[in-house]
Amino acid sequence: MFSILFKTGLPALAFALALSAQSPAGGRGPVRSPFLISRPVPEPAAVERGKAAFGPACGFCHGTNATGGEGPDLVRSAVALRDEGGDEIGPVIRGGRPGMPAFPQMTDGQIKDIAAFIRNRQQDAIDRGSYTLKNVNTGDAKRGETYFAANCAACHTGSKDLRGVASKYDEGVLLGKIVYPGGRGPAARPTATVTAGGKTVTGVLEYHDDFEAGIRDSSGEYHGFNLGPGVTLEVKEPLQGHVKLMKTFNDKDLHDVLAYLVSKK
Ligand code: HEC
Ligand code: HEC
């Protein structure tokens, strides 16, 4: 399907980009399962610190509960849905947005705490069951259908493999799945082929950093490789389509496409 081929020794940038969805450290380390809304709720102390930092700096525009005011609702924002420990929210905070001042002085710790606070607010909304009821399915299904045809239909058919997907998940979760599908089932896991010293091994990619790769073959055996001259690693990322889309989505498209999928329930 989609493959990224690079000789090791070159920076593993393409792969790092492909995995940046899962791993804020740029794809290093164990190939983790996707996070989105299923990632853990942060510890209460961090949530409290985040709340204290959020109120005066951000609450003015985003509401003290982060559900929106002058600025957008952050509890349901696509950026906040994708965030893990501040990796998505941090650049917005440091860089600002049209209508939002930059906060370059915020420390990594403060950003992590604010991310913890927002993550906790998402969980509150989910636990109350209000996450889906308010503001999620607000899109235009007709426009979503056009968007779907242009951006999703190459891999999905709304009337076939995604029919009923809106019955399977609650709408807030589905919104997250459109951005980045969870549950690394067999069809969604990255695989890789390593060629080293005349030997070729193909299987599920379980570990990858700049120096090593680990592959589990179909018999269940784990093969570790030191990457270097003469070693080739070819990665196939089935969710590459989603990783690419992630950089182009805006909230309007996402909500429109959600409305379209919900209309196919
Ligand atoms: C003066 C008002 C204002 C303040 C203060 C402010 N923001 Fe914003 N923020 C906005 C506006 C307006 C937008 C939408 C900008 C756009 O359309 O790109 C936004 C966008 C965002 C987004 C992106 C949301 C998305 O889904 O695209 C995040 C995250 C965010 N703000 C976080 C914060 C945090 C955290 C703080 C405090 C450190 C903060 N903002 C302070 C006005 C503000
Ligand atoms: C390049 C191919 C590709 C493109 C383009 C693509 N997807 Fe996917 N999508 C996948 C793959 C692969 C999976 C994982 C399938 C699996 O796990 O069985 C997936 C999974 C999903 C899921 C989760 C399904 C489930 O049952 O959990 C949803 C929802 C989804 N995609 C929606 C979309 C939407 C909406 C678009 C367009 C905005 C889109 N996809 C574009 C390949 C693609």
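Of note:
- Residue match in the stretch 193-212 (condition: at pLDDT below 80, more than 16 Å from ligand 1 (Cβ to nearest atom) and not in a loop (DSSP other than H, G, I, E, B)): no
- Residue pairs meeting the criteria (Cβ under 7 Å; at least 6 apart or on separate chains; first closer than 9 Å to His255 by Cα, in the stretch 134-151; second modelled with pLDDT of 85 or more and surrounded by fewer than 17 Cβ atoms within 10 Å (Cβ to Cβ)): Ala141/Ser263
- The set of residues in the stretch 165-188 being assigned to a helix (DSSP H, G or I), modelled with pLDDT under 80 and more than 7 Å from ligand 2 (Cβ to nearest atom) consists of Glu171, Gly172, Val173, Leu175, Gly176, Val179.
- For the stretch 58-104, the candidate set comprises residues that are within 15 Å of the chain's Cα centre (by Cα) and part of a loop (DSSP other than H, G, I, E, B); within that set, the residue that is nearest to ligand 1 (Cβ to nearest atom) is Ser77.
The values are calculated or read from the model by the stated rules, or taken from the named source; none is laboratory data. The model shown is predicted, which means the values in this text are computed figures rather than measured ones. Ideal geometry is used to build each Cβ from the backbone, glycine not excepted, and the neighbour counts take in all protein chains shown.
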